[in-house]
Amino acid sequence: MVVVGTAKHAGKTTAFNALRAVARRRGVAIAVTSMGRDGEPFDALDTEPKPRVRLAAGTLVALPAGLVPRSPALALLDRGDESALGTMMFARAVSVTTCEIGGPPTTRAMRATIDRLRSLGEGPVLVDGAIDRIAPLAGGDDAIVLATGAASGATVDRVAGAAAEVVARLRIPGRNPAVERARMVRITGALDARGAEALLAGSHDVTVVVEDPTRVAVRGALFAQLQASLDLRCERPLHVVACTTCPVGRGAALPARALVEAVARATGLPAFDVVADLTAPRE
Amino acid sequence: MTDALTAERIGLVWLRAALEPVGAFGRRLDETIAPYGPGDEARALEEIAGVVARARALDRDGVARLRAALRAVPEPSPIFARARAGDPLADVDFYELGRFVDGLAALARAWDAAGGAPERRPPTLGALEAALAPGRENGGFYLVDAFAEALPAARAALAAAEAELDARREAIAQRVRATTGVDPVGDEFVVLREVYDGPLPDGVRIVRDAPTYRTAALELSSGARDAAFARMSEAEEQARRALAERIAVEAARANDALRALGELDRELARVAFAQRWGSCVPVLAADGVRFEEAVFAPLADALSERGRRYTPLSLDLQGVAVLTGPNMGGKSAALATAGFLCACVALGVPPPAREAALPLLESIAWIGGDGPQDRARLLSSYAAEIVRGRETLAQASPRGLILIDEFARTTGPREGRALLIAFVEALRARGALALVATHFDGIAETAEVAHLRIAGLREGALGEVSPNDLDAALDAINRAMDYRVVDARDGAARSDALALATLLGFDSAAVARARELFDD
């Protein structure tokens, strides 16, 4: 399960930690890693405070050698690909450990890291993800949780609208010959704005197939037009299963209940505010 | 020993890549070993003979498995260096040293399985293995309690403090749930005023008080827990220091082991080469270049990739000799083979030949065509040859091999021929060792040096081939060509240029006209 955010400070790591806390409360042994450098006390770019990652005893973790804490010592199990902060290490927390975590730099290495964590443990793998690095999840059975919040819009409607657009893009359906249109256009590489305009200028009785949703570089109204006019599909779909909301960000505070309900309504996914303990079911 | 053009033409670049050690220790050792030169004959011969013996004693699969095992041994030198300097080591360092110990053991097993001699078995480091053993399980590493006396008690105290903190966290969380209805899954939570607007329970502090919500945090600071953590951290550092000291003691033995691994890596690269391309123990003689049925491995490798066969070459070169013969007959290959075999012995590699007598040289120089350095100097092909010729002539001696491939072919033939004759005479006067390939007539006779030639196309051996089928034409030429280097006094010299042009599909009328002109 991979948590990604619509913007910085959208509550991604908070949602990630909430999932871990719930797993711990239910006695589910988990494995964790990150698609970037996470868990440091302050954001490297804007020095905003960030939640630390607290690993319960028994938690499997993949992190670069440079982030392996000196205390308490981790049980080091295996090594993986190289990263900017050293070789990726697979470890088990022997006692409660608070640390930074980070991940490998390439999609192939990320996929290998997740697979290795799955083979080392029996429980789910939780990944503190990044929305621009989820290509390795395409075609797999990984679930994606989208964290959104006040950091991505000044009003409830704007936050919900932004979340809906991201979810629509990430949930481009997989191939289904039974409903596909007679003519098919296969896009190799990225589908950009110029390509989208060209497709819209032609016949709309067409199924457009991209490799995976991350290859769609079109945003906003153009993407909406594309989706409304054509049958847009992908070879390797992603599975977005839920949203989380964070009503605080960018110095603004939005009404928490209205936000979680609006996001559920706009995305068609269940939404949760894990800090305020609010749930809005799928609509 | 050579410049870039020569290294490329005589296959030295290819050879160095083929001999690349698989491990960092082997590469490091290789960088410190200079090629053998004049005076190093005994050492070179000892290394080459050792490689030939090992190539015969070990099977090829065994060598491949040994090299794979070598490749898997991690490079621990930086860790040992830090340990020796007294720097603190980290658990990842101990884990890597564990991999090093495992790698050595796997290499020793591969050696035994390959039938390697017991007295040359790769080293293992028992004391290092024993030092790390308490923390090792299934290839991993953990700083177990056994590494320091204070560690078990310190860890137990921290566990107790964490348990006490967890109980306090749960007690506060329970009060929050009971009072507000909010379930705080983390240490911070939000209470909407529309849900609950009353006082928050003990053990909770308000972080942000907004009109519609309050953000609160569980008060979980614990001096006892922090103190227990500090004591446990110190105990872990003590354990690491003690282990690092034991590792520092092993550093000298580890360095010896790494040196031995480097030597094995270097030798196995040569053994694999000898097994792949054949080998002999040469006579290291300074008076010429002689070899029987030698393989110019870079060309043989390229031909093999295209499904073609390589014809081994023989040569006897003393002093200066001119080599003539047909196009595509292997003149350049003969020059390259001479340079390649000399480079082999300079690098301690058995020459791939049935037998050979070769010198250890101070230098090998190739003149012919232009290389990257020449193009960088904006020299034309002719200018590059002249400049290279000038520099080579200035340094010419019996301790260098000069390989000249169609010198002055890009200038007017009369002047070019005259220049080449003068060049060969100058080389002869300096006592140089040189092989000169050319299409110019009468060079050897005028300059009074030996004249060798490629035997050339066998009479009537060239069959009919479709002019559009280049592969078939090349195969036919390969079958019909006699690549032997013979004394030019035995039979007439031919270039076979017109016959080859026909076979390669050149316009038949044009070839016929050319034959008329040639016969006139």
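Rule-based calculations on the coordinates, nothing more; no lab input. Bear in mind the structure is a predicted one, so any value in this text is a computation, not a measurement. All Cβ positions, even for glycine, are placed from backbone atoms using ideal geometry, and neighbour counts span all protein chains on display.
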Are there any trypsin sites (Lys or Arg not before Pro) in the stretch B:323-386 that are in a DSSP loop and have at most 15 other Cβ atoms within 10 Å? List them by number. B:Arg354, B:Arg377
At what distance in nm do the modelled label points of A:Ala143 and A:Arg118 sit from each other, each positioned 7 Å from its Cα along Cα→Cβ? 1.5 nm
R0 = 51 Å: FRET efficiency of A:Leu200 with B:Glu234, Cβ-based, nearest 0.05? 0.15
At 7 Å along the Cα-to-beta-carbon direction for both B:Arg28 and A:Leu222, put a label point, then send me their distance in nm to one decimal. 5.4 nm
Considering the alpha-carbon set of the stretch B:125-237 alone, what are its Rg and its Dmax in angstrom? 21.3, 69
What size of dipole, in debye to the nearest 20, comes out for chain B about its Cα centre when the only charges are +1 on Lys and Arg C-beta atoms and -1 on Asp and Glu C-beta atoms? 380 debye
Suppose every Lys and Arg Cβ carries +1 and every Asp and Glu Cβ carries -1, with no other charges. What dipole size does the stretch B:1-124 come out with about its Cα centre, to the nearest 20 debye? 300 debye
Figure the gain on full extension for B:Ala42 and B:Arg71 (residue separation times 0.36 nm, minus the Cα-Cα span) and round it to one decimal in nm. 7.4 nm
Pull out the extension gain between B:Ala171 and B:Glu245, defined as 0.36 nm times the separation in residues minus the alpha carbon to alpha carbon distance; nm, one decimal. 22.1 nm
Structure-based [θ]222 nm, chain B - -39500 (n - 2.57) summed over DSSP H runs of at least 4, per residue, nearest 500: -16500 deg cm²/dmol
So what is log10(I(q)/I(0)) for the stretch B:74-159 at q = 0.16, 0.19 1/Å, when the Debye sum runs over its Cα atoms only? -0.74, -0.93
If N is the residue count of chain B, its Cα Rg over 2.2 N^0.38 Å rounds to 1.55
Write down the Å³ per residue value for the convex hull defined by the alpha carbon atoms of the protein assembly as shown. 238 Å³
Going out from 0 in 5 Å bins, what whole percent of all Cα-Cα distances in the stretch A:172-234 drops into each bin? 4, 19, 35, 28, 12, 2
Along the Cα→Cβ direction, 7 angstrom out, place labels at B:Leu220 and B:Ser380. What is the inter-label distance in nm? 8.2 nm
First select every other residue whose beta carbon is under 11 angstrom from the beta carbon of A:Ala65; then total the charges, Lys and Arg +1, Asp and Glu -1. -3
Would you mind getting me the FRET efficiency between B:Arg60 and A:Arg183? Use the beta-carbon distance for r and R0 = 60 Å, nearest 0.05. 0.60
Segment B:Gln395-B:Ala512, length gained on full extension (0.36 nm per residue, minus Cα span): 37.4 nm
Determine the sum of side-chain charges near B:Arg177: Lys and Arg each +1, Asp and Glu each -1, restricted to other residues whose C-beta is under 11 angstrom from that of B:Arg177. -2
Within 9 Å, Cβ to Cβ, of A:Glu180, how many net charges do the neighbouring residues add up to if Lys/Arg are +1 and Asp/Glu are -1? +2
With charges set only on the Cβ (+1 for Lys and Arg, -1 for Asp and Glu), what does the dipole of the protein assembly as shown come to about its Cα centre, in debye to the nearest 20? 1460 debye
Chain A: equivalent-ellipsoid semi-axes (sqrt of 5 x gyration tensor eigenvalues, Cα, Å): 34, 23, 16
Given a Förster distance of 41 Å, the FRET efficiency implied by the Cβ-Cβ spacing of B:Asn327 and B:Glu362, rounded to the nearest 0.05, works out to 0.80
Just want the answer: with Cβ charges of +1 for Lys and Arg and -1 for Asp and Glu, which residue in B:Pro123, B:Leu200, B:Ser279 is farthest toward the dipole's positive end in chain B? B:Ser279
